[in-house]
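Engineer: Sending over a structure as C-alpha cells; questions will come in a sec.
The values are calculated or read from the model by the stated rules, or taken from the named source; none is laboratory data. Remember, predicted model here, so these are calculated numbers, not experimental data. Note: ideal-geometry Cβ built from the backbone for every residue, glycine included; neighbour counts use all protein chains shown. Protein only, heavy atoms only, side chains kept; ligands, DNA and RNA dropped before computing areas. Shrake-Rupley method; radii C 1.70, N 1.55, O 1.52, S 1.80 Å.
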Amino acid sequence: MNVIKLIVCCIVFIISTQVQAVKTSSEKELPQIKPVPSWVNNKNQYAELNISKDNLSSAYFESIELQAKVDKKEHYYSRFQIKVLNSKGVQENSQRMIEFDPNYEELIMHEAKIIRGESSIDQLNNSNIKVFQSEKDIEKLVYNGSKTALVIFNDVKPGDTIEYSYSIIGNNPALKGKFSTVWPINARVPIQNLYLRLLWPKDRKLTITSYRTDSTLLKNNAKDYYEYVLSTNNQKARKSESETPKWYIKSSGFRLSEFHSWEDLNLWAQQHYTVKQNNDPKIKKIVAQIKSTNKKTEDQAISALDYVQKNIRYLGFEDGKNSHIPSLPTKVLERGFGDCKDKTMLLLSILKALSIESYPALVNTKWKHEIKNLAALPSTFNHVIAKVIINNQVYWFDPTLSSQAGNISSRYFPDYRLALVVNKKNNGLTKINTTNNKYNIKISEKYDLTKGENKRVNYDLYETYTYEAADYIRRKIESSTYSEINDRSNNFVKNKFANSKPLMDIGLKDEKLKNKINLHGKYLVDDFWKRGKKLYPRLSAWTLNALNMPRDIKRSMPYYLPFPYKTEHRLSFKLERSIADKVSIDKCENVSVDNKYFKYSKVIDFNKKEAEFIVSHKLKLLSDNVLANDIILFVDDVFKVKENIDFVLSDCLI
C-alpha cells in the first residue's frame with residue numbers, strides 16, 4: 001500500500017473534484033463501517049493556526065493523521081480535518097475521494113462528520129457513500145482495477161470543518177510480503193497539524209529515507225513494536241512555480257521500506273523479470289522469420305524491436321499483483337496487447353532466442369535522474385525497457401514507442417538517464433548513455449524574387465525531421481489522410497501569405513533506414529511584397545520558438561527547457577539583379593549567443609555571382625533546465641535570440 005495516494009486523494013480538493021468513473025458498485029461492495037482500531041493513537045490536542053491569511057485560499061487542513069501498523073497484513077489509518085473558508089471551498093470539498101485496490105485491499109470507514117461551532121453533524125451512512133470503478137489512467141490505456149469511494153457531505157457551509165477517517169488493510173502480493181510506502185509531509189494547501197505514526201515489528205529491519213525536509217521520525221520503544229512518530233504543525237503550502245521540469249519533485253516527506261538498497265530491489269525484481277519461453281515454438285517461429293531477412297546481429301535486434309512495437313499494441317491491466325508482474329510472452333502474443341512489462345519481456349524472449357545479450361531495466365519516465373536521490377522502492381520506477389549488448393556496445397530499446405523507424409544507430413531513444421538493470425551482476429543504478437535522444441529539425445525556405453519587386457514570388461518550403469522529430473511527424477502522418485496533410489501544410493503557408501496557392505501536392509519521403517522524413521511544398525505567392533507601409537515582408541524563423549521566455553522570472557526552482565532540441569532554419573532569396581546590386585552585407589549583423597543552456601547563431605551571407613542572399617539560424621539546447629540562479633542571464637540571452645527571429649531583407653539594402 002502506497003500511503004501517498006491517501007493524501008493525494010485529499011489534496012485534489014484544491015484543484016478539482018472530478019471523478020473518472022465507469023461503473024457504480026452494488027450495495028454489497030460499499031465499505032464496512034467500524035469503530036477506530038484500538039492500536040490507533042487518538043490525537044486530540046492541536047496547535048493553534050499560525051499561518052498568515054495571505055497564504056490561505058478556499059480551504060486548508062486543520063489536521064492530517066496518517067498511522068500505520070505492520071504485521072502479517074499492513075493496516076493504514078487516515079484521518080483528515082478540512083477547514084472550509086468560502087463558497088469555493090464548499091464546492092471543492094463537500095465530497096471526498098478515497099482510492100483503494102479491491103484485489104488486495106479492504107476499505108473500512110470510521111467517521112464522517114461536519115463540525116459547525118460546538119455542533120457535530122454525523123454524515124456516515126451508506127446513502128452518503130458511493131463506490132466507483134475508477135480508472136484515472138484510462139487515457140493512457142492502463143486499467144489498474146482500483147476503486148474510489150466517494151464520501152458525500154450534505155449542507156456544508158463556509159466556516160465548517162469536514163472530518164472523516166478510514167482504514168485500508170492489505171498487502172500487494174507482488175511485493176512478496178515486503179513493506180514499502182511513502183509519507184508526504186506537505187500539500188498544495190497549508191497543514192495546521194500533521195501527525196505521522198508507524199508501529200513496526202522489532203524483528204524486521206526498516207529503512208527510512210527523507211527528501212526535501214530536515215524533519216525526522218522519532219523512534220520509541222513500545223511493547224511489541226518500535227514506534228516511529230512525527231508531530232509537527234503549521235506546515236506551509238507546498239511551493240509551486242510554473243514551467244518546472246517534470247523530474248523536479250516539489251513535495252517533501254519520507255520513504256519507508258524493507259528494500260534497503262538498489263541491490264535489494266534488484267533481487268526482488270529478478271523474481272518477476274526473468275526471461276521465459278524463449279524456446280517456445282511461437283517464439284522460435286518469430287526468430288526464424290527475423291533470421292531469414294536479417295544477417296547482421298544489429299539488424300536482427302532492430303527487427304525484433306519492430307515486431308513487438310508493430311504487432312503488440314499497448315494496453316495494460318495492472319490490477320493487484322499485475323502492477324509489477326508481467327504476463328507470459330506467449331500470453332502476450334495470443335492476445336496481441338500488453339503494457340511496458342509485457343512488451344519488454346516478450347522482446348527479451350525473442351532476443352534471447354536470437355542469442356543476443358539483453359536484460360530488463362527499470363526506469364522512471366518522469367523523475368529520470370532524480371531517482372538517485374530517492375529510496376529503493378518498487379514505486380520509484382514506472383516503466384520497463386530493455387538493455388541490449390551487441391559486440392560490447394550497449395543499446396537501449398523501448399518497445400512501447402510507436403511509429404519508430406531507423407537502424408540501430410538512427411533509432412530514437414528517450415532521455416531516461418538512469419536505469420536499474422535487472423540481472424545478477426548488477427547492484428546499483430546504471431547511467432543510460434545514448435546519442436539517440438535527439439529532436440532535430442531542418443527547415444529551408446527558398447524565395448525566388450528574380451521577377452522583380454511587386455511581382456509574383458515562387459516559394460519552396462523544405463522540411464527535414466530526424467530522430468524523435470521524425471517519429472512525431474510519422475505519427476501525425478499515420479493518423480491523417482494525404483489530403484489532410486496537404487491541407488495542413490497549405491494552411492500553414494496561407495497564414496504566412498494569404499494570397500498563396502500550391503503548385504503541387506506535398507512531396508513526402510520517409511527514409512526509414514535513416515529515420516528521416518522529408519516534406520516539400522511549392523507555392524506561388526501573390527502578396528509577398530507589400531505589407532502595410534513596408535515593401536519587404538518580415539519573415540520569421542518560427543522553429544526558434546522552442547526557446548520561450550519564462551512566465552515566472554522570480555523563482556527558486558529550475559525552469560524547463562524542451563531538451564533535446566536542435567534546429568537549423570535557412571532562408572534564401574534569389575534576387576533580381578537590380579535588387580542584388582543594392583545589397584550591402586556590411587549593413588547586416590551576424591549574431592551569436594553561447595551559454596551553458598543553449599547555442600544560437602544567425603549568419604548572413606550573400607553570393608554576389610548567384611545573386612543569392614542567405615540567412616541561416618541555428619539553435620541547439622544543451623540542457624533540460626535552467627537553474628533558478630541563472631534565470632536573469634538566461635532571459636537576457638533569450639531576448640537577444642527573439643530580437644533576431646524576424647528578418648527583413650530591406651534592412652540589408654542600400
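Engineer: Can you pull out the strands (runs of 3 or more DSSP E) entirely within region 574-654 that have at least 1 residues that are touching a helix residue (DSSP H, G or I) at 6+ places or on another chain (Cβ under 8 Å) and modelled with pLDDT of 90 or more?
Structural biologist: Counting at least 1 such residues, we get 591-594, 598-607, 612-621.
Engineer: Another one. Which members of region 462-483 meet the condition of being part of a helix (DSSP H, G or I) and open to solvent by less than 80 Å² (accessible area, probe 1.4 Å)?
Structural biologist: Scanning region 462-483 gives 468, 469, 470, 471, 473, 474, 477, 483.
Engineer: Follow-up. Among the residues of region 502-553, write down those that are under 23 Å from residue 472 (Cα atoms), open to solvent by 20 Å² or more (accessible area, probe 1.4 Å), part of a loop (DSSP other than H, G, I, E, B) and at pLDDT 90 or above.
Structural biologist: 505, 512, 513, 514
Engineer: Among the candidates 288, 222, 301, which residue alone is on the phi < 0 side of the Ramachandran plot and at pLDDT below 95?
Structural biologist: 222
Engineer: Another question, then. Read through the list (1) crowded, with 20+ Cβ neighbours inside 10 Å; (2) of a type in the set (Val, Ile, Thr); (3) part of a loop (DSSP other than H, G, I, E, B), then give the number of the only condition that residue 365 fails.
Structural biologist: Checking residue 365 against (1) crowded, with 20+ Cβ neighbours inside 10 Å; (2) of a type in the set (Val, Ile, Thr); (3) part of a loop (DSSP other than H, G, I, E, B), the one that fails is (1).
Engineer: Looking only at region 476-496, decide whether some residue is within 23 Å of residue 408 (Cβ to Cβ) and among the aromatic types (Phe, Trp, Tyr).
Structural biologist: Within region 476-496, not a single residue is within 23 Å of residue 408 (Cβ to Cβ) and among the aromatic types (Phe, Trp, Tyr).
Engineer: Exactly one condition in (1) touching a helix residue (DSSP H, G or I) at 6+ places or on another chain (Cβ under 7 Å); (2) more than 27 Å from residue 366 (Cβ to Cβ); (3) of a type in the set (D, E, K, R) is false for residue 236; which is it?
Structural biologist: Every listed condition holds for residue 236 apart from (2).
Quick grid of which residues meet (1) aliphatic (A, V, I, L, M); (2) more than 30 Å from residue 371 (Cα to Cα):
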{"site": "436", "(1), (2)": "no, no"}
{"site": "448", "(1), (2)": "no, yes"}
{"site": "457", "(1), (2)": "yes, yes"}
{"site": "462", "(1), (2)": "no, yes"}
{"site": "470", "(1), (2)": "yes, no"}
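Engineer: Are any residues in region 271-289 open to solvent by less than 20 Å² (accessible area, probe 1.4 Å) and over 22 Å from residue 327 (Cβ atoms), and if so, which ones?
Structural biologist: none
Engineer: If you check residue 412 against the conditions, is it part of a strand (DSSP E or B), touching a strand residue (DSSP E or B) at 6+ places or on another chain (Cβ under 7 Å), modelled with pLDDT of 95 or more and surrounded by 20 or more Cβ atoms within 10 Å (Cβ to Cβ)?
Structural biologist: no
Engineer: Could you list all residues from region 236-263 that are open to solvent by less than 40 Å² (accessible area, probe 1.4 Å) and farther than 30 Å from residue 548 by Cβ?
Structural biologist: 253, 254, 255, 256, 257, 258, 259
Engineer: So, one more: Could you look through region 89-112, keep only residues that are in contact with a strand residue (DSSP E or B) (Cβ under 9 Å, 6 or more places away or on another chain) and not in a strand (DSSP E or B), and pick out the one that is most open to solvent (accessible area, probe 1.4 Å)?
Structural biologist: The residue in question is 102.
Engineer: I've got another one for you. For a quick check of your reading of the model, give me the residue pairs whose first member lies in region 339-366 and is free of Cβ contacts under 8 Å to residues at least 40 places away in the same chain, whose second is among the hydroxyl-bearing types (Ser, Thr, Tyr) and assigned to a loop (DSSP other than H, G, I, E, B), with beta-carbon atoms closer than 9 Å and at least 6 apart or on different chains.
Structural biologist: These pairs meet every condition: 342/327.
Engineer: Something else about it: State all residues of region 60-88 that are among the small types (Gly, Ala, Ser) and open to solvent by less than 20 Å² (accessible area, probe 1.4 Å); if no residue qualifies, say none.
Structural biologist: Residues satisfying the conditions are 63, 68, 78.
Engineer: When you look at residue 178, is it among the basic types (Lys, Arg), open to solvent by 10 Å² or more (accessible area, probe 1.4 Å) and touching a residue at least 40 places away in the same chain (Cβ under 8 Å), yes or no?
Structural biologist: yes
Engineer: I need the full set of residues from region 290-319 which are open to solvent by 70 Å² or more (accessible area, probe 1.4 Å) and not basic (Lys, Arg), in order please.
Structural biologist: 292, 293, 311, 317
Engineer: What number of residues within region 415-445 satisfy the criterion of being among the aliphatic types (A, V, I, L, M) and open to solvent by 10 Å² or more (accessible area, probe 1.4 Å)?
Structural biologist: 4
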